[in-house]
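What follows is calculated from the coordinates using simple rules that are stated; it is not laboratory data. Please read these numbers as outputs of a predicted model, since none were measured by experiment. Virtual Cβ from ideal backbone geometry, glycine too; neighbours counted across all protein chains shown.
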Amino acid sequence: MPSLNAYQPRPEHKFSFGLWTVGNRGRDPFGDGVRPALAPVDAVALLAETGAWGVNLHDNDLVPIDAAPSERDRIVKEFQAACRRHGIVVPMATVSLFFHPVFRDGAFTANDPEVRAYALQKTMRAMDLGAELGAKIFVLWGGREGVETDACRRADEAVKRLREAVNYLCAYNQEQQYGYHFALEAKPNEPRGDIYMSTTGHYLGFIPTLDHPEMVGVNPEFAHETMAGLNFMHAVAQAWEAGKLFHIDLNDQMPGRYDQDLRFGSANLKAAFWLVKFLEDVGYDGPRHFDAHAYRTEDLEGVKDFARGCMRSYLILKEKAERWNADGEIQAILSELDVAPPGLPAAGRYASSGAAALLKHEFNKDQIMKKRLPYERLDQLTFDLLTGVR
């Protein structure tokens, strides 16, 4: 059994939280906040106390939307000092284009050209802020980029407007030499009835149409893909295989519910396990960002429990993944699943000679069907390992 210290977060794990996560007051559509507001500098201290490595932020998590330039500079200076004092870095920044009522019809895709222009201005200023704090990843989540009725605009026009906006921001990134990688975040619905870019796959299809696709990747979120009834790890794997996994949002979610942002690993243990195993197996080296919040029942100490729990759960699952990879019976089953019989023509990269051999080959389907695929056993061994009886 590993020591308790094996589950303590360290800087090399790159665990980060947003100001909006530990600062969440427990407000929901039916009730006001249950916790006092947490100042950004106090959030930094809390994260340092719990062992986190980084803190992320929307522009207005730190600087009020109508702050005067002098107030903005004072707030940023105090926040930078707090980060230095507590050894916390800012790996990612983003922009709020969903909270203020001006974005009620979207931001980059809004029908009003003045709103679209304001959204670009606000995003560029958020990029300025993030760069000042040292961030190299900039997330774009289009929470209001959608509809309740398709009567308002043609959907292809919305895609064109979104493309123009991202191209504009990439050009600004180049001109300012910020070195950002943009990470686009999908969600199927909420707060809009339907959001245009509803899954990670939508964005992976969108990115190649941009002027600078090399600058743009994705930020998949566990809850968002699960809301759509999808397998989150599969979305992450496709993004990774395409070289587009620039950032990731870890939380948990019950399928078919509103966006819950539950503590990582708290609802879907096996799904969380397969995700952690994938990230560790492929050597993902980016931030492991927890976009979640404590239950509404919790006080400030409960928020600390929540933050510690997210990181501890990840590290427990990381250790379980190492044990799964080292398990002799599991690996023996896996090794038997991909054994080619003698004389089987190569069916990898196409070659004329290989294709001719493949066309001539006679397959014995009855013999193939005799091969065992012991996935029931594999799944039970995984369950036994996760529940601690193996």
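Counting other Cβ atoms within 10 Å of each Cβ, which chymotrypsin sites (Phe, Trp or Tyr not before Pro) in region 201-262 have at most 16 and sit in a DSSP loop?
TYR258
If the cut-off is a Cα-Cα distance under 25 Å, which lysines reach LYS370, setting aside same-chain residues fewer than 8 apart in sequence?
Candidates past the 8-residue exclusion: LYS360.
Exposure proxy check: PHE290, PHE278, PHE108 ranked by fewest other beta carbons within 10 Å?
Numbers: PHE290 29, PHE278 17, PHE108 25.
Placing the least packed residue first, the sequence is PHE278, PHE108, PHE290.
Classify region 329-386: rounded, prolate or oblate, from the alpha-carbon gyration tensor (a ≥ b ≥ c, eigenvalue square roots; a/c under 1.5 rounded; otherwise prolate if a/b is larger than b/c)?
Here region 329-386 falls in the prolate category.
Please get the size of the charge dipole for the chain, origin at its Cα centre, with Cβ charges of +1 on Lys and Arg and -1 on Asp and Glu, quoted in debye to the nearest 20.
Numbers: 44 positive and 54 negative charges, 117 e Å.
The dipole of the chain has a size of about 560 debye.
Among rounded, prolate and oblate, which fits region 8-326 when a ≥ b ≥ c are the square roots of the eigenvalues of its C-alpha gyration tensor, a/c under 1.5 means rounded, and a/b larger than b/c means prolate?
Verdict is rounded for region 8-326.
Suppose every K and R has +1 on its Cβ and every D and E has -1 on its Cβ; what is the size of the dipole of region 190-289 about the Cα centre, in Debye to the nearest 20? Write down the numbers at each step before the final one.
Working: 7 positive and 14 negative charges, 55 e Å.
Using only the charged Cβ atoms, the result is roughly 260 debye.
Can you flag which of LYS160/LYS187; LYS122/LYS304; LYS14/LYS122; LYS187/LYS244 are past 24 Å Cα-Cα?
In this structure, LYS122/LYS304; LYS14/LYS122 lie more than 24 Å apart at Cα.
If you fit an axis through the alpha-carbon atoms of helix 40-50 and take the longest principal axis of the Cα set of the chain, what angle between them do you get, 0 to 90°, nearest 10?
Compared with the principal axis, the helix lies near 40 degrees.
Just name one of ILE248, HIS181, ILE195: the one whose Cα is farthest towards the positive end of the charge dipole of region 8-326 (beta-carbon charges, Lys/Arg +1, Asp/Glu -1).
Of the options given, the answer is ILE248.
What ranking do ARG257, ARG72, ARG263 get, fewest neighbouring Cβ atoms within 10 angstrom at the top?
Going from least to most buried by this count: ARG257, ARG72, ARG263.
By the scheme Lys and Arg +1, Asp and Glu -1, what is the net charge of all other residues having a beta-carbon under 11 Å from that of ALA321? Kindly include the intermediate steps, with their values, before the conclusion.
Working: positive: LYS277, LYS318, LYS320, ARG323; negative: GLU280, ASP281, GLU319, GLU322, ASP327.
Local charge sum for ALA321: -1.
I'd like the chymotrypsin sites (Phe, Trp or Tyr not before Pro) in region 1-87 restricted to DSSP loop residues with at most 12 other Cβ atoms within 10 Å, sorted by number.
Hits after loop and neighbour filter: PHE30.
How big is the charge dipole of region 329-386 about its Cα centre, in debye rounded to the nearest 20, if each Lys and Arg gets +1 on its Cβ and each Asp and Glu gets -1 on its Cβ?
Around 380 debye, computed over region 329-386.
Against the longest principal axis of the chain, how steep is helix 269-282, in degrees 0 to 90 to the nearest 10, with axes from Cα atoms?
With both axes taken from Cα atoms, the answer is about 80 degrees.
Picking from GLN380, GLY354, PRO341, whose Cα lies most toward the positive end of the charge dipole for region 329-386 (charges on Cβ: Lys, Arg +1; Asp, Glu -1)?
Result: GLY354, furthest along the dipole toward the positive end.
Under the classification rounded if a/c is under 1.5, otherwise prolate if a/b is larger than b/c and oblate if not, where does region 99-242 fall, given a ≥ b ≥ c as square roots of the Cα gyration tensor eigenvalues?
In terms of gyration-tensor shape, oblate.
Roughly speaking, what is the stretch gain from ARG154 to ALA346, that is 0.36 nm per residue apart minus the C-alpha to C-alpha distance, in nm to one decimal?
Working it through step by step, the gained length comes to 64.4 nm.
Mind giving me the nanometre distance, one decimal, between the label points for LEU359 and GLU322, set 7 Å out from Cα along Cα→Cβ?
The two pseudo-label positions are separated by 5.2 nm.
With a cap of 15 neighbouring Cβ atoms within 10 Å, and only residues DSSP puts in a loop, list the chymotrypsin sites (Phe, Trp or Tyr not before Pro) found in region 308-355.
Details: sites: TYR314, TRP324, TYR350; in loops: TYR350.
Within region 308-355, the qualifying chymotrypsin sites (Phe, Trp or Tyr not before Pro) (loop, at most 15 other Cβ atoms within 10 Å) are TYR350.
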